[in-house]
1. Six or more apart or on different chains, Cβ atoms under 6 Å: show the pairs whose first residue is in segment 187-208 and closer than 17 Å to L151 by Cα and whose second is assigned to a strand (DSSP E or B) and among the small types (G, A, S).
2. For F114, which of the numbered conditions (1) farther than 29 Å from K37 by Cα; (2) aromatic (F, W, Y); (3) not in a strand (DSSP E or B) fails to hold?
3. Show me the strands (runs of 3 or more DSSP E) found entirely inside segment 1-107 where at least 2 residues are closer than 21 Å to P232 by Cβ.
4. Report yes if S145 is without any contact (Cβ under 8 Å) to a residue 60 or more places away in the chain, surrounded by 12 or more Cβ atoms within 10 Å (Cβ to Cβ) and of a type in the set (S, T, Y), otherwise no.
5. Would you mind finding the one in S208, S176 that is assigned to a strand (DSSP E or B) and not charged (D, E, K, R)?
6. What number of residues within segment 21-70 are more than 19 Å from K214 (Cβ to Cβ) and either polar (S, T, N, Q) or in contact with a Cys (Cβ under 8 Å, 6 or more places away or on another chain) (or both)?
7. Any residue in segment 8-33 that is within 14 Å of L202 (Cβ to Cβ) and among the hydrophobic types (A, V, I, L, M, F, W, C) sitting within a Cβ distance under 6 Å of a residue that is modelled with pLDDT under 90 and in a strand (DSSP E or B)? List the pairs, counting only those 6 or more apart or interchain.
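The values are calculated or read from the model by the stated rules, or taken from the named source; none is laboratory data. Just so you know, these numbers come straight off a predicted model, no measurement behind them. With ideal geometry, Cβ positions are generated from the backbone for all residues, glycine too; neighbour counts draw on all protein chains shown.
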Amino acid sequence: MYAVGQLKMRSSEMQPGDDNVQIRGNYEVGGFVLWQKNPDLWYLELVVSGFKVSAGSDGKVSWNQSSSQPGRANRGPPRLLRRFFQGLDPRCTASLFIESVCVGERRVEEEECFILKLETSSTALKAQRLDETEIIHHTIWGYFSQRTGLLMKFEDEKLVMMKPSKGRERVFWETSVKSVVQDYNEIDGIKIAHSGKTITTLYRYGKSINHKRKVEETWRIDDVDFNISGLPNETFLPPADLKREQEQQK
């Protein structure tokens, strides 16, 4: 699969306190391109106002890097990109929720939806543990239209503990992502969402730390195509420095 799209983003500053954070200011504009050969082979490149982020999976390890920070490989099994679950890959969405439970019903964008909830297992959380971080819990909700079966809304909540070094306090990062998925159009017989809006809330807290920030993203898919030829597995390899780091850790 190949997909290219546009997005605009804006965010609040990291603000102290528990109060509701308001997003103000102008949007930053950018675009992205995404390639996928199978669920575990994918590559994303995103550029917003000159700031570049790339991420990928070669089937063994997933990784991410940005123009301002060094690259990082993720432990555990290869991770799927959240953007796949925003109506871009129905197969990945169905696979993700195969072991979920139905927890209720709700109306989303004028559609009556049933809600599926998925709790990440302790085994999966343990596999993703790093020397400096530990995932406490990770929960996902999918809101699916009762009329069409299509995903209308996606929520993702994760709590990560930063393991304290000597003399430092324990700090937690709570990330909440809420995406509304819209404009389904048929591409080669497959219903693909072509627009959406995502609100991400970052909450950092500890004994003496309490800060919150919000990021808003509005995105649109311009082009999607399937059965792209000439996509060798080398397209999805991590950068050379990350590859060397992984080999040294074995």
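1. Filtered contacts from segment 187-208: G196/S179; T198/S179.
2. (3)
3. 2-11, 28-38, 41-48, 51-58, 62-66
4. yes
5. On inspection, the qualifying residue turns out to be S176.
6. Qualifying residue count for the region: 12.
7. V21/Q15
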